[in-house]
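Working notes, beginning with the structure itself.
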Amino acid sequence: MPRVKKVPQRMCVGCQEMKNKKELIRVVRTPEGRVEIDPTGKRSGRGAYVCPNSACLQKAIKARRLEKSLRHAVDPEITARLLQEIGAHEQ
């Protein structure tokens, strides 16, 4: 009997829905205290996941869920870079 491999699930901080980890964009707070986008999903640090659409990101920013998940303030430049990254995913 073949074994079924589990697909890792993560919750989007914007829409609060469980989705496949590969579908989401990971934002990480590094041990040095910087907040960055993690394209590989493997960097060390505290991570938060957001859907690759601008509506979810806007919800996460407005409700401050991204900051709460990372336990760190998110700079406006990081937010702008996330919006730019998501804009590239949407096209």
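The values are calculated or read from the model by the stated rules, or taken from the named source; none is laboratory data. Since we're looking at a predicted model, the values are computed, not measured. Here Cβ is always computed from backbone atoms with ideal geometry, including for glycine, and neighbour counts include all displayed protein chains.
I need the full set of residues from segment 21-48 which are among the acidic types (Asp, Glu) and either farther than 27 Å from residue 6 by Cα or at pLDDT 95 or above (or both), in order please. Working first, answer last.
If we filter segment 21-48 for residues that are among the acidic types (Asp, Glu), which is where we start, we get 23, 32, 36, 38.
Once the filter is applied, which keeps residues that are among the acidic types (Asp, Glu) and either farther than 27 Å from residue 6 by Cα or at pLDDT 95 or above (or both), segment 21-48 yields 32, 36.
So that you can scan it fast, the table gives a plain yes or no per residue for (1) surrounded by 17 or more Cβ atoms within 10 Å (Cβ to Cβ); (2) modelled with pLDDT under 90; (3) on the phi < 0 side of the Ramachandran plot:
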| residue | (1), (2), (3) |
| --- | --- |
| 60 | yes, no, yes |
| 64 | no, no, no |
| 70 | yes, no, yes |
| 77 | no, yes, yes |
| 80 | no, yes, yes |
| 88 | no, yes, yes |
| 91 | no, yes, yes |
Q) What are the residues in segment 42-69 that are more than 13 Å from residue 16 (Cα to Cα), among the basic types (Lys, Arg) and assigned to a helix (DSSP H, G or I), if any? A) 62, 68
Q) Got a number for residues in segment 24-41 being surrounded by 14 or more Cβ atoms within 10 Å (Cβ to Cβ) and either of a type outside the set (A, V, I, L, M) or in a strand (DSSP E or B) (or both)? A) 11
Q. Within segment 70-91, restricting attention to residues that are assigned to a loop (DSSP other than H, G, I, E, B) and not aliphatic (A, V, I, L, M), which residue is farthest from residue 18 (Cα to Cα)?
A. 75
